[in-house]
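Engineer: Take this structure, written in structure tokens, and hold onto it; I'll ask about it next.
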Amino acid sequence: MRDFKANEEEPIVVYCPEKSKLCFFDELLYSFSSVDFLPHVFVGDSLESKTPIILSANPWLPDMPRRPNVLLNLDNEICEVFGSFDRVIEVVSTAETDKSPARKKFIFYKNRGYQIHNHDVCEKQ
């Protein structure tokens, strides 16, 4: 099994067409730790080809020789280029408004034979 980490040859692409949400995620990457840094840029930045995490408001694939490795989809819809990636991560909150679109995506992937792994990262009280 390969390690799950971002590198410049196989970047993680974070997709969200809602720009305010994508900008909020950008801020989270800067503020999640006072001692760690996750290098990331928005698609089109001059450092795009050297950065392991790319933020995009449009469906996007890295240019060769880079490989599309991981797609982190923050949208309620399936990203149209998902099939080009080795792995897709779908984030679902506990909000009822997120659950219905997530169920539709789950069924879409399952009906096409994709292996699905659920990870509950909610804090249990």
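Engineer: Mean residue ellipticity at 222 nm from the helices of the chain, using -39,500 (n - 2.57) per DSSP H segment of n ≥ 4 over the full residue count, to the nearest 500 deg cm²/dmol? Mind dumping the intermediate values first?
Structural biologist: Working: 2 runs with 29 residues, N = 125.
Result for the chain: -7500 deg cm²/dmol, rounded to the nearest 500.
Engineer: Could you list Thr51, Thr94 in order of exposure, starting from the residue whose Cβ has the fewest other Cβ atoms within 10 Å?
Structural biologist: Listing Thr51, Thr94 from fewest to most nearby Cβ atoms yields Thr94, Thr51.
Engineer: Explain nothing, just the number: relative contact order of region 1-111, from Cα pairs under 8 Å at least 6 residues apart, as a whole percent.
Structural biologist: Computed over region 1-111, the figure is 29 percent.
Engineer: Also: What is the order of His119, His40, fewest Cβ neighbours within 10 Å to most? The partial results should precede the final answer.
Structural biologist: Numbers: His119 5, His40 20.
Listed from fewest to most nearby Cβ atoms, that is His119, His40.
Engineer: What Kirkwood hydrodynamic radius do you get for the chain when you take the inverse of the mean 1/r over all pairs of distinct Cα atoms, in Å?
Structural biologist: Values: mean 1/r = 0.0643 Å⁻¹.
After inverting the pairwise mean of 1/r, the radius is 15.5 Å.
Engineer: Top mean-square fluctuation among Phe82, Phe37, Phe25, Gaussian network model of the chain, C-alpha springs under 10 Å?
Structural biologist: Phe37
Engineer: For an R0 of 25 angstrom, estimate the FRET efficiency from the Cβ-Cβ distance between Glu27 and Asn58 and round to the nearest 0.05.
Structural biologist: 0.80
Engineer: Beta carbons within 10 angstrom, averaged per residue: use that to sort the peptides 98-106, 55-63, highest first. Mind dumping the intermediate values first?
Structural biologist: Working: 98-106: 13.4, 55-63: 16.6.
Output ranking for 98-106, 55-63: 55-63, 98-106.
Engineer: Taking a 25 Å limit on the Cα-Cα distance, which of the listed pairs Lys21/Lys110; Lys50/Lys99; Lys50/Lys105; Lys50/Lys104; Lys50/Lys110; Lys19/Lys105 fall beyond it?
Structural biologist: Numbers: Lys21/Lys110 27 Å; Lys50/Lys99 35 Å; Lys50/Lys105 31 Å; Lys50/Lys104 35 Å; Lys50/Lys110 34 Å; Lys19/Lys105 21 Å.
Over 25 Å Cα-Cα: Lys21/Lys110; Lys50/Lys99; Lys50/Lys105; Lys50/Lys104; Lys50/Lys110.
Readers should treat all values here as calculations from the given coordinates under stated rules, not as data from a laboratory. This structure is a prediction, so every number in the text was calculated from the model and none was measured. Here Cβ is always computed from backbone atoms with ideal geometry, including for glycine, and neighbour counts include all displayed protein chains.
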